[in-house]
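The values are calculated or read from the model by the stated rules, or taken from the named source; none is laboratory data. The shown structure was predicted, so the numbers you read here are calculated from the model rather than taken from an experiment. Counting neighbours? That spans all protein chains shown, and the Cβs are built from the backbone with ideal geometry, glycine included. Calculation scope for accessible area: heavy atoms of the full protein, side chains included, ligands and nucleic acids excluded. Shrake-Rupley method; radii C 1.70, N 1.55, O 1.52, S 1.80 Å.
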Amino acid sequence: MKLRGLYAITDSQLLAGKFLQYVEAALEGGVTLLQYRDKSTDEARRLREAEALHTLCERYKTRLIINDDAELAARIGAGVHLGQTDGPLTPARALLGRTAIIGSTCHAQLSLAEQAAKEGASYVAFGRFFNSNTKPGAPSASLELLDQARASLHLPICVIGGITLENAAPLVAHGADLLAVVHGLFGAENAQEVTRRARAFNALFNS
């Protein structure tokens, strides 16, 4: 499958009280991957929300990714995104099978991406490119890094960190396949605006 386009990432605080409404509005506008990101320890709620998202994603033919929790991903038949502190990808690949989408956070380091590719990652994620609300202290990545990654990696490249409609175009021009967006998508004042933004992000890949 071709991983290219908008990669929407949920944020439980930002989406409080409008979680499924805003997610569905994004799916309506077109989302290649949807990541469920919830750092809480409320297992029951996380399972419930992940299952609800899985049902929605199936309806819109979008692939669901679970952040940092391969067991939950295995339970509901989703993919997983792993950070550098979550250990090697190999056990997750063994657990989820050959066809599952497994992404890896590579910060601003090409060597981490090369390692992830060897371990069977489906895509690699670089960031942050701009100041990010979600990860304010993350090291910054550059367009030069994107150029190098494009030249040396044969995997879809995801970019993350403070991405908005105003700053995303150069990232696509330098080879980004997936734009991972949290606030730039879901920080909208209503559901219609979420759908409009999703369409506009996807349009950047066709221009």
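Summary of computed values
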{"quantity": "Criterion: on the phi > 0 side of the Ramachandran plot and open to solvent by 40 Å² or more (accessible area, probe 1.4 Å) - qualifying residue of G77, G97", "calculated": "G77"}
{"quantity": "Residues satisfying the stated conditions in the stretch 166-207, i.e. of a type in the set (S, T, Y) and open to solvent by less than 40 Å² (accessible area, probe 1.4 Å)", "calculated": "T195"}
{"quantity": "Among (1) farther than 23 Å from A200 by Cβ; (2) touching a Phe, Trp or Tyr at 6+ places or on another chain (Cβ under 6 Å); (3) not charged (D, E, K, R), the one test that L33 misses", "calculated": "(1)"}
{"quantity": "Failed condition for F130, given (1) surrounded by fewer than 23 Cβ atoms within 10 Å (Cβ to Cβ); (2) under 17 Å from the mean Cα position of the chain (by Cα); (3) in a helix (DSSP H, G or I)", "calculated": "(3)"}
{"quantity": "One residue from A74, A113, A100, A117 being touching a residue at least 12 places away in the same chain (Cβ under 8 Å), aliphatic (A, V, I, L, M) and in a loop (DSSP other than H, G, I, E, B)", "calculated": "A100"}
{"quantity": "Pairs, first of a type in the set (A, V, I, L, M) in the stretch 180-207, second assigned to a loop (DSSP other than H, G, I, E, B) and at pLDDT 95 or above, C-beta under 6 Å, six or more apart", "calculated": "V181/I163; V182/D11; V194/A188; A198/G30; A200/L165; L204/A168"}
{"quantity": "Subset tally (residues that are open to solvent by less than 40 Å² (accessible area, probe 1.4 Å) and of a type in the set (G, A, S)) for the stretch 1-39", "calculated": "6"}
{"quantity": "Positions within the stretch 139-160 being in contact (Cβ under 8 Å) with a residue 12 or more places away in the chain, farther than 16 Å from F205 by Cβ and surrounded by fewer than 18 Cβ atoms within 10 Å (Cβ to Cβ), in sequence order", "calculated": "P139, S140, S142, L143, D147, Q148, S152, H154"}
{"quantity": "Selection within the stretch 140-150 - in contact with a Gly (Cβ under 9 Å, 6 or more places away or on another chain) and not in a helix (DSSP H, G or I)", "calculated": "S140, A141"}
{"quantity": "So T134, is it touching a His at 6+ places or on another chain (Cβ under 9 Å), under 22 Å from S12 (Cα atoms) and touching a residue at least 40 places away in the same chain (Cβ under 8 Å)", "calculated": "yes"}
{"quantity": "Any chance L47 is farther than 28 Å from Q192 by Cβ, more than 17 Å from the chain's Cα centre (by Cα) and surrounded by fewer than 21 Cβ atoms within 10 Å (Cβ to Cβ)", "calculated": "yes"}
{"quantity": "Set A116, A138: member being modelled with pLDDT of 95 or more and under 25 Å from L64 (Cα atoms)", "calculated": "A116"}
{"quantity": "Any hit, the stretch 108-117, residues being surrounded by 20 or more Cβ atoms within 10 Å (Cβ to Cβ), more than 19 Å from A74 (Cβ to Cβ) and of a type outside the set (A, V, I, L, M)", "calculated": "no"}
{"quantity": "Pair list, Cβ < 7 Å and 6+ apart or interchain, from the stretch 10-38 residues that are touching a residue at least 40 places away in the same chain (Cβ under 8 Å) and within 20 Å of D177 (Cα to Cα) to residues that are in a loop (DSSP other than H, G, I, E, B) and open to solvent by 30 Å² or more (accessible area, probe 1.4 Å)", "calculated": "T10/R37; T32/R4"}
